Amino acid sequence: MSEELLINVTPQETRVAYVENGVLQEVHIERARKRGLVGNIYRGKVSRVLPGMQAAFIEMGLDRTAFLHVSDIAVRNDNEGEKNSQTIMELLTEGQDVVVQVVKDPMGSKGARLTTQLSIPSRYLVYMPGAEHVGVSQKIDEEAERQRLKEIVADYAPQFDSGGYIIRTVAEGVSDEAIYNDMCFLQKLWTSIQERSATGNGDNSNLLYEDLPLVMRTMRDLSGSDIEKIRIDSNETYHKVKKFAAKFICELADQVEYYPGERPIFDLYGVEDEIRRALERKVQLKSGGYLIIDQTEAMTTIDVNTGAFVGHRNLEETIFKTNLEATQAIVRQLRLRNLGGIIIIDFIDMVDIEHRRQVLRALEKSLERDHAKNHITEVSSLGLVEMTRKRTRESLEHILCEPCPICNGRGTLLTAETVCFEIFREILREARQFDAQQFLVLAAQPVVDMLLDEESTSVAELEEFIGKPIKFQVESEYTQEQFDVVLM
């Protein structure tokens, strides 16, 4: 499988596209004025403790206070695996200083989500200052390799401060020296964070540690031996990445290329068109079927439809093939749109139990290539699949779009006819309350047209009923739902 990273850099934003076999799978966007906060470590102050929610609000110098739940507070001297039984009031007090890490960016009206269970990633390891155990990525299957890596870390660990480690997937097969160098790097980094926390940064900032910029972070987290090419359209960024790769990811240094072409690199691979399509509600399948994706604050729903696909044999076979094709498209859309939280997939109802099993297996297999942590349930009797996908950053839609000012994000408008009837009711209310000589209605062009044409009889009857004339005036700046009734 051919995999490439395409990096588009401008002074205002950086965009990274992850392409498999020429098809866009993921896109990551970071804007200069709004960098993500996930992974950053801050020195914060408890501004408010909420016993009813078992949580606290932490002031860190951000636009909004951040949220820290009791379950995300590391408690020392707890037995391994034992749950913390202390309440938020026993652990935190207002005005207390605390070192915290962002695990979820601010989203909508919510502040950032925090934890005191710190973790600092490097190329092969994740260092956890407050833990003691050594874990290995579940994606490393071979037991002998898992044990080898654990023993390497355990042998070197006594040389450093206490703390736990998670061995990352990319550590599979690497040498003892590479693991040791990572451990040395992480210890130096943690020491510098502790020093800043104790003495201050010197710039009155609460930020103790900032995660890598998007390009370097993507190289560290997404890149693997399967990456064949990393193409960058910025000469300055190319040299930075080349230097970074030579120092930390030697096996990828030769894959980094500078793209000097006049045609934008995203246009060359059709990425811009794919991003626009990823903002649409409807996703067309090759067979003629389609998906409908609705993203709400609480969850995302995905509806599978056969559409124009009529199949060749029978209805059950047509439904099965549509659902099977939909599994790959769904996973691609989850990655591309960066959808997270609760996701409900409404597959077309399948009678055959074996068909349900195969569709679920196909969905699980497609999700294996997803870098985000996910959990999936069985297909219900209604054909519904419930799943969760870890969300740490805003979705593509939330980064690129804002609610429509006309419908306020509702997605629909009141019809001109409905607005006409609202105007009639408003005129009746005004006529009963005030003694006006006549009424002037200010409204959008479609509404006024309907009042003067299809609803002209209703207007005449209303004038006769209230005994006052009604005039109309078009306001070009009004939306279809806006109107005003002026007493003359």
Point to revise | Phi-based couplings in Hz for the stretch 123-129 (Karplus 6.51, -1.76, 1.60; Gly and Pro marked x) | key: 5, 10, 10, 10, 9, 10, x
Review point. Where a Cα-Cα gap under 18 Å defines reach, which aspartates and glutamates qualify for Lys247, not counting those fewer than 8 residues away within the same chain?
Key: Asp176, Glu177, Asp182, Asp211, Asp221, Glu236, Glu257
**Study point:** Coordinate range along principal axes, alpha carbons of the stretch 152-304, Å, largest first
**Key:** 61, 42, 40
**Study point:** For the stretch 440-458 versus the stretch 15-76, the gap between their alpha-carbon centres in whole angstrom
**Key:** 51 Å
Point to revise | the stretch 379-468: relative contact order as a whole-number percent, Cα under 8 Å and 6+ apart | key: 25 percent
**Study point:** Residue-averaged [θ]222 nm for the chain, counting only DSSP H segments that reach four residues, each worth -39500 (n - 2.57)
**Key:** -10000 deg cm²/dmol
Revision key, fill the gap. Using alpha-carbon positions, the gyration tensor of the stretch 20-133 gives root eigenvalues a ≥ b ≥ c; with a/c under 1.5 called rounded, otherwise prolate if a/b exceeds b/c, else oblate, the class is oblate
Check your understanding: With every protein chain left in place, what is the accessible area of Met60 in Å² (1.4 Å probe, nearest 10)?
Key -> 10 Å²
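Please work out whether the stretch 104-202 counts as rounded, prolate or oblate from its C-alpha gyration tensor, where a ≥ b ≥ c are the square roots of the eigenvalues and a/c under 1.5 means rounded, while otherwise a/b larger than b/c means prolate and anything else oblate?
Because a/c hits 1.5 or more and a/b fails to exceed b/c, the stretch 104-202 counts as oblate.
Counting Lys and Arg as +1 and Asp and Glu as -1, each charge on the Cβ, what is the dipole of the stretch 312-433 about the Cα centre in debye, to the nearest 20?
500 debye
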Check your understanding: For the stretch 282-408, what are the per-bin percents of Cα-Cα distances with bins 10 Å wide, up to the bin holding the maximum?
Key -> 12, 44, 31, 11, 2
**Study point:** Over 27 Å (Cα to Cα) - which of Lys282/Lys390; Lys45/Lys150; Lys229/Lys365; Lys139/Lys390; Lys45/Lys110 fall in this group
**Key:** Lys45/Lys150
Point to revise | Three-way shape label, the chain, alpha-carbon gyration tensor, a/c 1.5 | key: prolate
Point to revise | Rounded to 10°, Cα long-axis angle of helix 235-248 versus longest principal axis of the chain | key: 40 degrees
Check your understanding: Accessible area per residue, 1.4 Å probe, Å², for the stretch 31-139: what's the number?
Key -> 55 Å²
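The values are calculated or read from the model by the stated rules, or taken from the named source; none is laboratory data. Being a predicted model, the structure only gives us computed values, none of them experimental. No Cβ is skipped: glycine too gets one built from the backbone with ideal geometry, and neighbour counts run over all protein chains shown. Keep in mind that these areas ignore ligands, DNA and RNA; they rest on the heavy atoms of the full protein, side chains included. Shrake-Rupley method; radii C 1.70, N 1.55, O 1.52, S 1.80 Å.
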